[in-house]
Amino acid sequence: ADEMAKEGIELIDSTYFIQDSLAQEGVLTRRKPSGIERGNIEYGLKVANEIARLDLGQTIVVRAKACVAVEAMEGTDAVIKRAGELAKGKLTDVKVAKPNQDMRFDVPVVGVPTIQNMIQAGATCLCLTAGKTLMFDKQEMISLADDNKISIVAVRKETNLIEPA
């Protein structure tokens, strides 16, 4: 990118033309996170933001404010599957953007397979970074979550706040 900039070529954010596919701030599903899920999210955001800062991964899976699984190179869906094998049910998945996420090249992504893996693992809540997470097949993903009583919430990276249940 720096070399191209020297030639006068500016690379833009890879999501520039698909902004409507990014997670928008707030609760995206019919069901809001429960009090327990909110506690898992608050705990999970601290841990997930730290592993993202260290560039280890971007997703963690939490149960009862305890870290069940941490993503490394395997990716979001694989860490959700592993978490389900370790502690099936009542899981909260937290996926964040890196502190300096370069949206030109690397965008956090979730989709229908993410929800399918959550269903298999017994996960009930997914928390994403608003404005920085691409949701493939967004409406189908939300519909599948709604059909399975999974809550999806997107939070601002700057504050990590979610509205009360």
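The values are calculated or read from the model by the stated rules, or taken from the named source; none is laboratory data. Because the structure is a prediction, the values reported are computed rather than measured. When we count neighbours, we look across all protein chains shown, and the Cβ atoms used for this are built from the backbone with ideal geometry, even at glycine. These area figures cover heavy atoms from the full protein model, side chains too; ligands, DNA and RNA do not enter into them. Shrake-Rupley method; radii C 1.70, N 1.55, O 1.52, S 1.80 Å.
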Given charges at Cβ of Lys, Arg, Asp, Glu: the range 1-118 dipole, positive-most of Val70, Thr29, Gln58: Thr29
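Treating only the Cβ of Lys, Arg, Asp and Glu as charged (+1, +1, -1, -1), what charge dipole size does the chain show about its Cα centre? Round to the nearest 20 debye.
Numbers: 21 positive and 24 negative charges, 190 e Å.
Here the size comes out at about 920 debye.
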Spatially proximal lysines relative to Lys65 (Cα-Cα < 17 Å; intrachain offsets below 8 disregarded): Lys46, Lys88, Lys90, Lys95
Around Arg31: net Lys/Arg minus Asp/Glu count, Cβ-Cβ under 9 Å: +2
Computed magnitude of the charge dipole of the range 41-82 (debye, nearest 20; Cβ of K, R +1, Cβ of D, E -1): 200
Accessible area of the chain belonging to carbon and sulfur atoms, whole % at 1.4 Å probe: 53
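Starting from the residue with the highest accessible area, list Glu42, Glu85 in decreasing order, probe 1.4 Å. Don't skip to the answer; put the middle values down first.
Numbers: Glu42 95, Glu85 150 Å².
Ranking Glu42, Glu85 by accessible area, largest first, yields Glu85, Glu42.
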Read-out mean projected area of the Cα convex hull in nm², derived from the coordinates shown; its label in (i) 9.4; (ii) 8.9; (iii) 11.6: (i)
Between the range 108-137 and the range 39-56, the alpha-carbon center distance in angstrom: 16
